[in-house]
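These notes are about the structure you will find just below.
The values are calculated or read from the model by the stated rules, or taken from the named source; none is laboratory data. This structure is a prediction, so every number in the text was calculated from the model and none was measured. We place every Cβ from the backbone using ideal geometry, glycine too, and count neighbours over all the protein chains shown. Areas reflect the complete protein model, heavy atoms only, side chains present, ligands, DNA and RNA absent. Shrake-Rupley method; radii C 1.70, N 1.55, O 1.52, S 1.80 Å.
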Amino acid sequence: MRRIESGKVLSNHKLAKGMYRMDISLPEISSEVQGPGQFISLTVGEGWQMPLRRPMSIASIENDSISIIYKIFGKGTVWLKERTSGEVIEAIGPLGNKFSLDKINGKEIILVGGGVGVAPILYLHDQLSKDNQDHLLIVGAVTAAEQFLEHSPKTGIHLTTDDGSVGEKGTVMTMLEILADKVENPYIIACGPEPMLAAIYKFTTEKGIEGQFAVESYMACGTGLCQGCVIETTKNISKEHTYHQKYSLVCSDGPVYDINAIRI
Ligand SMILES: Cc1cc2nc3c(=O)[nH]c(=O)nc-3n(C[C@H](O)[C@H](O)[C@H](O)COP(=O)(O)OP(=O)(O)OC[C@H]3O[C@@H](n4cnc5c(N)ncnc54)[C@H](O)[C@@H]3O)c2cc1C
């Protein structure tokens, strides 16, 4: 069940260039979380300074606290960066659906996280590791300063940087094409900026590979009321179909979709 809760900031620190992690005590919301892919939405600013909540994927849950990993983008995330331990933040959640692992059917999982899209992917990586489920992880960034994991191909963790300053040089696609070719029956689960998802979409469609995306579209209410976060689906493309049949709401139907169910 979805809840609104005021949570105490437990810690808020820099992970890498422009990337921060905040741990918030949210016992009620965390007790309702179903799994990786779900998100919370945070009230930022004072009064009506910034009326729209900011959706943030759940990056991990420990005891009663929820961690988020955020990238400084505009005034909302700058406000988050300035919060210190003990301050209170209002959250609504858990929101959205989770990655569906029962669709994988023995295929070999390749997780791909780019930029801030790494948060739900790391939560899933931790869960799969705890369940001793084999998988590979690719995390892409522009340069080494934006990476906070260790490049460790032996343990299945592959970093990529556009400038080659750590890990494989290139975008996540360079590594994804290599790994997808190496494993017998790949299944790709990804979250990241739209150009990254578009490149993976093209690749999986051409190769007939299945998978899931967590989509981080612009969003206002987070609960299906404002209808602001629509994404086009591959179903019901006939002109006679209504808006509601052609499109899906990322906040309440997503953010996780089968790759072949949406148009990127
Ligand atoms: C499901 C989901 C999960 C996310 N998870 C993360 C995460 O884990 N980490 C992370 O860093 N980011 C995440 N984001 C993105 C994050 O919510 C935005 O990056 C953040 O709101 C923008 O940063 P800001 O508040 O500093 O930007 P600002 O510039 O202060 O605010 C941007 C605001 O304007 C609105 N806005 C801007 N352009 C448009 C537009 N064209 N249409 C409608 N509204 C617009 C946005 O909704 C937002 O409220 C997620 C988004 C979604 C939908």
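How many residues are over 20 Å from Ser217 (Cα atoms) and open to solvent by 30 Å² or more (accessible area, probe 1.4 Å) if we restrict to region 80-99? Residues in region 80-99 being over 20 Å from Ser217 (Cα atoms) and open to solvent by 30 Å² or more (accessible area, probe 1.4 Å): 9 in total. Answer yes or no: is there a residue in region 101-112 that is of a type outside the set (D, E, K, R), away from the ligand (no atom under 16 Å from the Cβ) and within 17 Å of Pro255 (Cα to Cα). Checked region 101-112: at least one residue is of a type outside the set (D, E, K, R), away from the ligand (no atom under 16 Å from the Cβ) and within 17 Å of Pro255 (Cα to Cα). For Gln212, the test of being within 16 Å of the ligand (Cβ to nearest atom), out of contact with any helix residue (DSSP H, G or I) (no Cβ under 9 Å at 6 or more places or on another chain) and open to solvent by less than 40 Å² (accessible area, probe 1.4 Å) is failed. Of the residues His151, His135, the single one that is open to solvent by 40 Å² or more (accessible area, probe 1.4 Å), modelled with pLDDT of 95 or more, in contact with a His (Cβ under 8 Å, 6 or more places away or on another chain) and of a type outside the set (S, T, N, Q) is His151. Checking Ile72, Ile58, Ile66 one by one, the residue that is more than 25 Å from Ile259 (Cβ to Cβ) and open to solvent by less than 20 Å² (accessible area, probe 1.4 Å) is Ile66 and no other. Selection over region 168-227 of residues that are among the hydrophobic types (A, V, I, L, M, F, W, C), in contact (Cβ under 8 Å) with a residue 24 or more places away in the chain and outside any strand (DSSP E or B) gives a count of 18. Taking the conditions (1) surrounded by fewer than 20 Cβ atoms within 10 Å (Cβ to Cβ); (2) in a strand (DSSP E or B) in turn, Thr160 satisfies each one other than (1). Restricting attention to region 3-40, the residues being open to solvent by 40 Å² or more (accessible area, probe 1.4 Å) and either in the same structural domain as Val112 (by TED's automatic domain parsing) or in a strand (DSSP E or B) (or both) number 9. The set of residues in region 188-203 that are of a type outside the set (A, V, I, L, M) and in contact with a helix residue (DSSP H, G or I) (Cβ under 8 Å, 6 or more places away or on another chain) comprises Cys191, Gly192, Pro193, Tyr201, Phe203.
Can you find, within region 46-81, the residue that is nearest to the ligand (Cβ to nearest atom) among those that are in a strand (DSSP E or B) and among the small types (Gly, Ala, Ser)? The qualifying residue nearest to the ligand (Cβ to nearest atom) is Ser57. Checking each residue in region 187-225 for being touching a Lys or Arg at 6+ places or on another chain (Cβ under 8 Å) and not small (Gly, Ala, Ser) picks out Tyr187, Glu210, Gln212, Cys221, Thr223.
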